[in-house]
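Here's the structure we're looking at; comments come further down.
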């Protein structure tokens, strides 16, 4: 798997954490307006409406959508049906601090899954990079004081986020393995739409269970509509498109390090929209995370 990191690849892998940081903020803001699994379904329904006019040919019998249904069903389960549903579910019972801390283990899971199931060799540079990157995340989460980490308490939501992180790591490795027709792979909208169509089946089943087993309800209004528009366009379509490009160019192991930019971007967004000014430790964290990316990308 290539480990090329140029400016374009860095952009592809930096944009998704920025959009996902906003996704976490939005998911927390609307958690009382819509059930978490339902939010994930509505998000991907919106994404499907955006993608369908861009690649309607994917529904044709010869497109590969049906002959490769096992692959797209698995990609749809992991990337569409599970990842964000579990993240939204985690935000119901856990704090954003805990959720981000659990998600910061992404580079380690990327390396572990790659070594165990995809024949990837873990290098010393990748291990050092993982340590630096996670150190930067810990600096952000502790706000420069490690005593704050000792006060963390794990709850059920943290387990959901761990499952989400594993789901995304597996999804990213599957993206790196080509198994569909080249025409479908080259058309990013068609490739993503194929995953979304199967993912909607999973999300629909999960949503049906949510409404059958819980007291689910939706409070419609402009705040929820605006939130759905954002999560469908940004964290769904744009972020998944960009992440797929980055994984193809750099490989899943290196891409995993960029996911740790999410808590840093969350801090920046908090400063922009919540009036929380950045501190010196944000600069230190940024330096550690970038150092981890640079070290891990060395041949």
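The values are calculated or read from the model by the stated rules, or taken from the named source; none is laboratory data. It should be emphasised that the depicted structure is a prediction, and the values quoted were computed from it without experimental measurement. Backbone-built Cβ (ideal geometry, glycine too); neighbour counts: all protein chains shown.
Does residue 63 qualify as being crowded, with 19+ Cβ neighbours inside 10 Å, farther than 23 Å from residue 211 by Cβ and over 18 Å from the mean Cα position of the chain (by Cα)?
Here the answer is yes, as residue 63 does meet what is asked.
Yes or no: segment 34-51 includes at least one residue that is surrounded by fewer than 23 Cβ atoms within 10 Å (Cβ to Cβ) and within 15 Å of residue 191 (Cβ to Cβ).
yes
Is there a residue being under 15 Å from residue 192 (Cα atoms), part of a helix (DSSP H, G or I) and without any contact (Cβ under 8 Å) to a residue 12 or more places away in the chain anywhere in segment 52-66?
yes
Just to verify a result, which residue in segment 167-181, among those that are within 20 Å of the chain's Cα centre (by Cα) and over 22 Å from residue 88 (Cα atoms), is surrounded by the most Cβ atoms within 10 Å (Cβ to Cβ)?
Top of the filtered list is 173.
Collect the residues in segment 212-242 that are in a helix (DSSP H, G or I) and over 25 Å from the mean Cα position of the chain (by Cα), keeping them in residue-number order.
212, 213, 222
Could you say whether any residue in segment 6-25 is part of a loop (DSSP other than H, G, I, E, B), closer than 18 Å to residue 157 by Cα and under 19 Å from the mean Cα position of the chain (by Cα)?
no
Has segment 93-112 got any residue that is modelled with pLDDT of 80 or more, over 14 Å from residue 256 (Cβ atoms) and assigned to a helix (DSSP H, G or I)?
Looking through segment 93-112, none of the residues is modelled with pLDDT of 80 or more, over 14 Å from residue 256 (Cβ atoms) and assigned to a helix (DSSP H, G or I).
Collect the residues in segment 182-208 that are at pLDDT below 95 and loosely packed, with under 15 Cβ neighbours inside 10 Å, keeping them in residue-number order.
Those that are at pLDDT below 95 and loosely packed, with under 15 Cβ neighbours inside 10 Å: 182, 183, 186.
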